[in-house]
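**Q** Below are the structure tokens for one structure; questions will follow.
The values are calculated or read from the model by the stated rules, or taken from the named source; none is laboratory data. None of the values given here were measured: they were computed from a predicted structure. Here the Cβ positions follow ideal geometry from the backbone for every residue, glycine too, while neighbour counts run over all protein chains shown. Just the protein is used for accessible areas: all its heavy atoms, side chains included, with ligands, DNA and RNA removed. Shrake-Rupley method; radii C 1.70, N 1.55, O 1.52, S 1.80 Å.
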Amino acid sequence: MQPIDLAFDQRHIWHPYTSLTSPLPTYPVVSARGVELELEDGRRLIDGMASWWSAVHGYNHPDLNQAAHNQLDRMAHVMFGGITHGPAVDLAKQLVAMTPPSLDAVFLADSGSISVEVAIKMALQYQASRGKPEKTQLLTIRQGYHGDTFAAMSVCDPVNGMHELFTGILAKHHFAPAPVIKPWESWNETETQVLEALFAEHHGSIAAFILEPIVQGAGGMRFYHPEYLRKARALCDHYDVLLIADEIATGFGRTGRLFACEHAGITPDIMCVGKALSGGYMTLAATIATRHIAKTIGKGPGGGALMHGPTFMANPLACAVASASLGIIQQGAWQQQVEAIGEQLATGLAPCREFDSVADVRCFGAIGVVEMKAPVDVAKAQRFFVDRGVWIRPFGRLIYVMPPYVIQTDQLKQITQAICAWCECGK
Ligand code: PMP
């Protein structure tokens, strides 16, 4: 195998949120199997990131490989305009069966951000179609993250630093304060007062309330009370506003329930899923709406068409792999795996609380977060973790892990020990 040209990579290829003039180091990975990434020099790293929430079954999974091979022999891609195919229909059937019963109209998008764009378009087209064209704004919560495309960015919290540059040109929407992070036993009714006031004042212009249910991911790795979500659902119903649940990170078991909305016992009007949908194999996401929304859009302007249609929509290879991934989810082993990971993260990361450098430690489902008092030097931290045989990529002040569900106890121990060692050094 040719060596990977790292010099070319550094000079010519942008990586997520990096500069080409002062690039961060990149680690050359040549293969991945189970929960291990293999570096070019032969070192193996235990993966604590599941490739950003997605590789829940681990890498090189035989079922997913088989599904990809089988589909590749038939067709890798075909346009979805005027054509349909088995992988799309099979996957949509599974999505309709797994999501709450009222969600049954599926759009197969090619990334999480696009599924959010589509959800927003659905909401706007829905309102226009029912004679409420003045409902063009969105409501969301601070510290949220919904993607890097323009409509998605407009509902991300600009102060988290990811999209601040674009603030001036993004559509202006309403932001409620971020829900409080604290134990679930201590819910206080006053926490939603500002949210209620925003609904009362602006509902006439609001098409939809978009939020990440229970877990706010890239905007701060924050876990909030299910009562907040129940209140959000009730306010949406009362004020005639759609509820969009962005389950892109939380969907398919990560929080201990199949979907995070289940913690609050609520059903959104539109749900976005992605990441773990294809077990992290392929770039695929979906937006799933109620029949009522689909029917209403169908009676609307422009012949009732939902105005979105990317080239790689419903890519057959991605759909076939996603069907196999959902098949594994439906077998149900994830429940015990997520619970075990959660327990081990809670005990394994608890010692970090003792270190001066640490502001908070919090765990939920199969997610562990250590919030430092100061921003983490990413390059230095990555080197530290790679030297200890684990793959963790900190962000801002956050060191966080959401490993593949199939991680073993000793492997997860290596991860939590490495994090504790980093915190102990007071980095
Ligand atoms: N919403 C949430 C909650 C996410 O975590 C992400 C990805 N981090 C996105 C949307 C965007 O998905 P993608 O990166 O696939 O565009």
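**Q** Taking the Cα centre of region 132-172 as the origin, how large is its charge dipole in debye, to the nearest 20, when only Lys and Arg (+1) and Asp and Glu (-1) carry charge on their Cβ atoms?
**A** 220 debye
**Q** So, one more: Per the helix-only calculation at 222 nm, which mean residue ellipticity applies to the chain, given -39500 (n - 2.57) for every DSSP H run of n ≥ 4 and division by its residues, nearest 500 deg cm²/dmol? Could you put the intermediate results ahead of the total?
**A** On the way: 13 runs with 150 residues, N = 427.
Mean residue ellipticity, 222 nm, calculated: -11000 deg cm²/dmol.
**Q** Same structure, new question: Taking the Cα centre as origin and putting +1 on Lys and Arg beta-carbons and -1 on Asp and Glu beta-carbons, what dipole magnitude results for region 99-153, to the nearest 20 debye? Display every interim value, and only then the final one.
**A** Numbers: 5 positive and 5 negative charges, 59 e Å.
For this selection, approximately 280 debye.
**Q** Here is a follow-up. Given 0.36 nm per residue, what is the gain on full extension from N188 to N60 after removing their alpha carbon distance, in nm? Kindly include the intermediate steps, with their values, before the conclusion.
**A** Numbers: separation 128, 0.36 × 128 = 46.08 nm, distance 4.58 nm.
Roughly 41.5 nm would be gained on extension.
**Q** Further, regarding this structure: Sequence-distant or interchain residues sharing an amide H contact under 5 Å with L103, placed H: which?
**A** none
**Q** Let me ask you something else. For region 1-153, count the residues as N, evaluate 2.2 N^0.38 Å, and divide the Cα radius of gyration by that value, please. Don't jump to the answer; show the numbers that get you there.
**A** Working: Rg = 20.6 Å, N = 153, 2.2 N^0.38 = 14.9 Å.
Rounded to two decimals, the normalised Rg is 1.38.
**Q** Moving on. Over region 199-244, calculate the relative contact order: mean separation of alpha carbon pairs under 8 Å at least 6 apart, over the residue count, as a percent. If you can, show how the numbers build up before the last one.
**A** Working: 40 pairs, mean separation 23.0, N = 46.
It comes to 50 percent, rounded to a whole number.
**Q** So, counting K/R as plus one and D/E as minus one, what does the shell of residues with Cβ under 12 Å around T136 add up to? Before the final figure, lay out the partial values.
**A** Details: positive: K121, K132, K135, K172; negative: E134.
Residues close to T136 contribute a combined charge of +3.
**Q** When the accessible area of the chain is computed with all protein chains present and a 1.4 Å probe, what percentage of it is carbon and sulfur? Write out the running numbers ahead of the final one.
**A** Numbers: 10200 of 18390 Å².
Ligands and nucleic acids excluded, carbon and sulfur reach 55 percent.
**Q** Work out from phi, with θ = phi - 60° and the Karplus expression 6.51 cos²θ - 1.76 cosθ + 1.60, the ³J(HN,Hα) of each residue of region 111-116, listed in order in whole Hz, and give x for Gly and Pro.
**A** 6, x, 4, 5, 5, 6
**Q** If I take the Cα coordinates of the chain and project them onto the principal axes, what are the three extents in Å, biggest first?
**A** Result for the chain: principal-axis Cα extents of 61, 56, 45 Å.
**Q** Determine the sum of side-chain charges near T409: Lys and Arg each +1, Asp and Glu each -1, restricted to other residues whose C-beta is under 14 angstrom from that of T409. Display every interim value, and only then the final one.
**A** Working: positive: K413; negative: E339, E343, D410.
Taking every other residue near T409 into account, the sum is -2.
**Q** Now a separate question. What residues qualify as long-range amide H neighbours of A359, i.e. H under 5 Å apart, gap of 5 or more or another chain, H built at 1.01 Å from N?
**A** For A359, whose amide H was placed from the backbone, the distant partners under 5 Å are E371, M372, K373.
**Q** Still on this structure: Rounded to the nearest whole Å², what accessible area per residue is found for region 288-427 with the 1.4 Å probe? Mind showing how you got there, number by number?
**A** Details: 6090 Å² over 140 residues.
Here the residues of region 288-427 average 44 Å² of exposed surface.
**Q** Provide the FRET efficiency to the nearest 0.05 for the Q417-F8 pair, computing r from the beta carbons and using R0 = 56 Å.
**A** Numbers: r = 35 Å, r/R0 = 0.63.
The value I calculate is 0.95.
**Q** Rg and Dmax of region 1-76, Cα atoms, in Å?
**A** Looking at region 1-76, its Cα Rg and Dmax stand at 15.3, 44 Å.
**Q** Using only alpha carbon pairs under 8 Å that are at least six residues apart, calculate the relative contact order of the chain and give it in whole percent. Write down the numbers at each step before the final one.
**A** Numbers: 836 pairs, mean separation 92.6, N = 427.
Across the chain, relative contact order equals 22 percent.
**Q** Still on this structure, please answer the following. Given Cβ point charges of +1 (Lys, Arg) and -1 (Asp, Glu) and nothing else, what value in debye, to the nearest 20, does the dipole of the chain about its Cα centre take?
**A** On the way: 33 positive and 40 negative charges, 102 e Å.
For the chain, the charge dipole is close to 500 debye.
**Q** Where the convex hull is taken over the Cα atoms of region 335-427, what is its projected area averaged over directions, in nm²? Mind showing how you got there, number by number?
**A** Working: hull surface 20.2 nm².
Orientation-averaged projected area of the Cα hull: 5.1 nm².
**Q** Let me ask something else about it. From the protein chains alone at 1.4 Å, what is the descending order of accessible area for R33, R393, R142, largest first? Each step should come with its number before you reach the end.
**A** Details: R33 155, R393 55, R142 90 Å².
From most exposed to least exposed: R33, R142, R393.
**Q** Please turn the phi angles of region 324-334 into ³J(HN,Hα) values with the Karplus equation 6.51 cos²θ - 1.76 cosθ + 1.60 (θ = phi - 60°), one per residue in order, whole Hz, x for glycine and proline.
**A** Rounded to whole hertz, the list is 5, 5, 5, x, 5, 4, 5, 5, x, 4, 4.
**Q** Put T18, T136 in order of accessible area, largest first, 1.4 Å probe: what do you get?
**A** Result, largest first: T136, T18.
**Q** Could you give each residue of region 230-236 its phi-based ³J(HN,Hα) in whole Hz, using Karplus coefficients 6.51, -1.76, 1.60 with θ = phi - 60°, and x for Gly or Pro?
**A** Karplus-based 3J(HN,Hα) across region 230-236 equals 4, 5, 4, 4, 5, 5, 4 Hz.
**Q** Here's another thing I want to ask about it. Which is farthest toward the positive dipole end of region 75-331 among M271, M153, F80, measuring Cα position about the Cα centre, with Cβ charges +1 (Lys, Arg) and -1 (Asp, Glu)?
**A** The listed residue farthest towards the positive side: F80.
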